[in-house]
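Report on the structure given below.
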Amino acid sequence: MLSPVMTNLLNEQIARELYSVNLYRQMAAWCDHQGLIGSAAFLDAQARDEDDHFQRFYRYVRETGSLAVIAAIPAPPSSWPDIRAVFQDALVHEQQITRAINALYKAAFEEGDFATVSFLQWFTTEQHEEERLLRTVHDKLRIIGADPKGLYWIDKEIGKLAERTAGS
Ligand code: FEO
């Protein structure tokens, strides 16, 4: 059983995960519009992962007998100056999500809610992996700089990484 405080905190995370789905879908659409189909595929895979995260929180709150609440989700940005800015935003976003998961973990621990501590364990590992993956892409883009030929090849490489994120 969740306390009212934990229920509210978990519902706030449900909203963050839904925002993440929309953010990555919008980033994928922007990349497609720019002809960056590898990056679009990668970001679509990220969106599917975020939908899985949403489902996990949503189901968990319901399973405890508490009320899962779907809040209004703000629109994500819909354009970026270039592909580097997309992945810079994605990395910063994941760092914020990591902080939110850590705060949830701390709150659950301090309440002595060890079922929720255990549930959140998977997310602490997942956030480590998401940050690592996005940092890898961000670094590749930083290294090629403004070289358009390099961008073509890097986009293909980023597309290959989509296969690794799918279903993870
Ligand atoms: Fe659901 Fe990328 O955090």
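The values are calculated or read from the model by the stated rules, or taken from the named source; none is laboratory data. None of the values given here were measured: they were computed from a predicted structure. Here the Cβ is made from the backbone with ideal geometry for all residues, glycine too, and neighbour counts use every protein chain on show. These accessible areas exclude ligands, DNA and RNA; they are computed on the full protein's heavy atoms, side chains included. Shrake-Rupley method; radii C 1.70, N 1.55, O 1.52, S 1.80 Å.
Summary of values
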quantity	calculated
Long-range neighbours under 7 Å by Cβ, at least six apart or interchain, first residue among the β-branched types (Val, Ile, Thr) within the stretch 114-132, second part of a helix (DSSP H, G or I) and open to solvent by less than 10 Å² (accessible area, probe 1.4 Å)	116/6; 116/108; 117/108; 124/101
Residue that is nearest to residue 87 (Cα to Cα), among those in the stretch 28-44 that are in a helix (DSSP H, G or I) and of a type in the set (Gly, Ala, Ser)	39
Some residue of the stretch 57-76 being touching a Cys at 6+ places or on another chain (Cβ under 8 Å) and in contact (Cβ under 8 Å) with a residue 60 or more places away in the chain	no
Tally, over the stretch 36-51, of residues that are among the charged types (D, E, K, R) and touching a residue at least 40 places away in the same chain (Cβ under 8 Å)	3
Count of the stretch 85-130 residues which are away from the ligand (no atom under 16 Å from the Cβ) and open to solvent by 70 Å² or more (accessible area, probe 1.4 Å)	6
